[in-house]
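The values are calculated or read from the model by the stated rules, or taken from the named source; none is laboratory data. Please read these numbers as outputs of a predicted model, since none were measured by experiment. Note that each Cβ is placed from the backbone with ideal geometry, even for glycine, and that neighbours are counted across all protein chains shown.
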Amino acid sequence: MFLWLHIGGWIWLALMVTLGLTRRAIKSANRYLILSRLGYLLLIITGVYLATQTFATNWWLTLLKAGLGLATIGLTEVAFARLQESHLTGRLRVLLVAGFILTAGCGVGLHLIVSGHWF
């Protein structure tokens, strides 16, 4: 159950970030920033629980996934701040997408190593 909530949280966050960073109006983008912060809360709660379950099996990949997840959340906050200042660059968008992809890949790899199957 926690795994599905965690996956849903990442999908929610990706959707809110995509919708928020494509808005021209700052007020509209702020709505998506608030909604993305709800996703952070879900991700942190479920991530801590999942990390306690996988740490004994593969501690280094668990720490890497946690670090990548926190870095992606940080990049999201920076991207929204830059959008509000009208200084959002393509390089930051690429870093944000790369953060999502690396975090998801690390999560899938961790799940495969720990459980031995896809789902």
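Figures for the structure shown
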{"item": "Selection status of G20, within 11 Å of the chain's Cα centre (by Cα) and among the small types (G, A, S)", "result": "no"}
{"item": "Positions within the stretch 83-119 being modelled with pLDDT of 95 or more and among the charged types (D, E, K, R), in sequence order", "result": "R91, R93"}
{"item": "Only one of G90, G67, G105 that is farther than 18 Å from I11 by Cα, within 16 Å of the chain's Cα centre (by Cα) and without any contact (Cβ under 8 Å) to a residue 12 or more places away in the chain", "result": "G67"}
{"item": "Selection within the stretch 9-29 - assigned to a helix (DSSP H, G or I), free of Cβ contacts under 8 Å to residues at least 24 places away in the same chain and not β-branched (V, I, T)", "result": "L15, M16, L19, K27, S28"}
{"item": "Residues (of a type outside the set (V, I, T), exposed (fewer than 12 other Cβ atoms within 10 Å of the Cβ) and closer than 25 Å to A25 by Cα) located in the stretch 75-119", "result": "E85, S86, H87, G90, R91"}
